[in-house]
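Notes follow the structure.
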Amino acid sequence: MDATDPITRILREGIRTRVFPGAVLLVRHKGQVRVHQAIGLTSSFPDSPPVQLSTIYDLASLTKPLVTASSILLLAQEGHLTLTQALSTLLEEVKGFPLGSVSLKALLSHQSGLPAWRPFYQSFSPSLPLEPEFRQKRIQAILEMICKEPIGHASSATSVYSDLGYMVLGCVVERVMGQSLADFCLERIVKPLKASPLAFCMHHIQGDVTRKVAPTEEDPWRGRLLQGEVHDENAATLGGIAGHAGLFGTAQAVGQVTKAWLDAYAGKPSLFQQEFVRQFVQAQLGTSWGLGWDTPSQPSSSGQWFSPESFGHLGFTGTSIWIDPVRELEVIFLSNRVHPTRDNQAIKIFRPQLHDAIIQDL
């Protein structure tokens, strides 16, 4: 794009003011790519390579809609489960605990009553082996910890954005299908949608990770710079495969999944069924949250002009998705704003400015 256009200007301003070292932006309007731009450097180091369109980012909580909600939707439309089903009918471990009576729908909309976050990773060594049998033991241990959490206002018209709820949902997918969330994601989402590279903790991404992946933070718990390893510590404890975080990918790969959601919403051929998609992206009573997706509530990271029917999600590492089905608009923004430190909060101001500039440009 021309260096003088408003979108390029705001991206360059984000780099100049150190909101992020670099980023990739993908804007698709009515099925046509209007912007697909890489800008800046992959890190703050002097010898850092420039960001490419093929640069892979830690997608953080975009894992929730792209994988976990998408997986639950697929299982629901295939009849493997129902959204009103209680957890106790799916996970033996939660029987006898308040969590057992919570529905999948309440977990998806952050209305389970579970708290937002707990530092479960502090109970484990960062050097634990990642073989499947060890991962299963850690899943069991963390499920036991979650079961002991007090349930605040389960299934009520309140919401608390909860990583814990999505950790549980990831376990549900694995238990119902008898395979890891990473394998289910590859077989049922990535391959059918041709959404590669999109994978957990680089498990199915080939090649030199160091050259392809933007680094995140120098992590004191693991004692190293994270590059190709999930930034979220609780996800790392689960072998990099979790329902709340762990996914890596490019903007183009993410766009293959967002296109499937938007196509289904509009009644076009899609991996997903329209009736389920429209239910998932609708805000639930008492909250801006749908099932796996957020909707605009002022002030919104989507800015001022996305329609009320819009749906999206943010990722802690500096990533975001916003989809406006009225405009047939998808905006995917990937950055590593947590590099070199997660203390950088400037992206909160940057995101709405970016989305406003995109709407103005359209």
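Readers should treat all values here as calculations from the given coordinates under stated rules, not as data from a laboratory. None of the values given here were measured: they were computed from a predicted structure. All Cβ positions, even for glycine, are placed from backbone atoms using ideal geometry, and neighbour counts span all protein chains on display.
Once fully extended, how much extra length lies between Asp47 and Gln179, figured as 0.36 nm per residue of separation less the alpha-carbon to alpha-carbon distance? If you can, show how the numbers build up before the last one.
On the way: separation 132, 0.36 × 132 = 47.52 nm, distance 4.07 nm.
Length difference between fully extended and current span is 43.4 nm.
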Highest mean packing first, using Cβ neighbours within 10 angstrom, the peptides 237-245, 325-333 sort as 237-245, 325-333
Would you compute, from DSSP H runs of 4+ residues alone, the mean residue ellipticity of the chain at 222 nm, taking -39500 (n - 2.57) per run and dividing by the full residue count, rounded to the nearest 500?
-8500 deg cm²/dmol
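Counting only other residues whose beta carbon sits under 12 Å from that of Met145, what net charge do I get with K and R as +1, D and E as -1? The partial results should precede the final answer.
Values: positive: Arg118, Arg138, Lys148; negative: Glu93, Glu144, Glu149.
Neighbour charge sum, excluding Met145 itself: 0.
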Could you tell me what percent of the DSSP beta bridges with both partners in the chain are antiparallel, to the nearest 5?
95 percent
If you rank Leu114, Leu73, Leu362 by fewest surrounding Cβ atoms within 10 Å, what's the result?
Leu362, Leu73, Leu114
Going Cα to Cα from Lys95, which lysines come in below 22 Å? Please leave out same-chain ones fewer than 8 positions away.
Lys105, Lys137, Lys148
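Which of the GluC sites (Glu not before Pro) across segment 24-103 are loop residues per DSSP, with 13 or fewer other Cβ within 10 Å?
On the way: sites: Glu78, Glu92, Glu93; in loops: Glu78.
Filter output for segment 24-103: Glu78.
Within a 10 angstrom radius of the beta carbon, how do Ile15, Ile139 rank from fewest other beta carbons to most?
Final ranking by Cβ density, sparse to dense: Ile15, Ile139.
Hey, what did segment 204-321 get for relative contact order, percent, Cα under 8 Å, at least 6 apart?
Rounded, it is 11 percent for segment 204-321.
State, as an integer percentage, the relative contact order of the chain based on alpha-carbon contacts under 8 Å between residues 6 or more apart. Please report the intermediate quantities before stating the final value.
Values: 729 pairs, mean separation 89.7, N = 362.
Across the chain, relative contact order equals 25 percent.
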Going by the alpha-carbon gyration tensor, a ≥ b ≥ c the square roots of its eigenvalues, is segment 284-328 rounded (a/c under 1.5) or, if a/c is not under 1.5, prolate (a/b greater than b/c) versus oblate?
rounded
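Charges at C-beta only: +1 for Lys and Arg, -1 for Asp and Glu. How large is the resulting dipole of the chain about its Cα centre, in Debye rounded to 20?
Values: 31 positive and 33 negative charges, 60 e Å.
Computed about the Cα centre, the dipole is about 280 debye.
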Springs between alpha-carbon pairs under 10 angstrom, Gaussian network model over the chain: which of Pro269, Pro119, Pro150 fluctuates most?
Pro119
Just to verify a number: FRET efficiency for Gln304 and Gln140, C-beta to C-beta distance, R0 = 51 Å, to 0.05?
0.65
Interatomic Cα distance distribution for segment 238-313, bins of 5 angstrom, percent:
3, 14, 19, 21, 23, 15, 4, 1
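Magnitude of the Cβ-charge dipole of segment 11-100, K/R +1 and D/E -1, about the Cα centre, nearest 20 debye?
Numbers: 8 positive and 6 negative charges, 111 e Å.
With Lys and Arg at +1 and Asp and Glu at -1, about 540 debye.
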Could you state the principal axis extents of the C-alpha atoms in the chain, from the largest down, to the nearest angstrom?
61, 46, 35
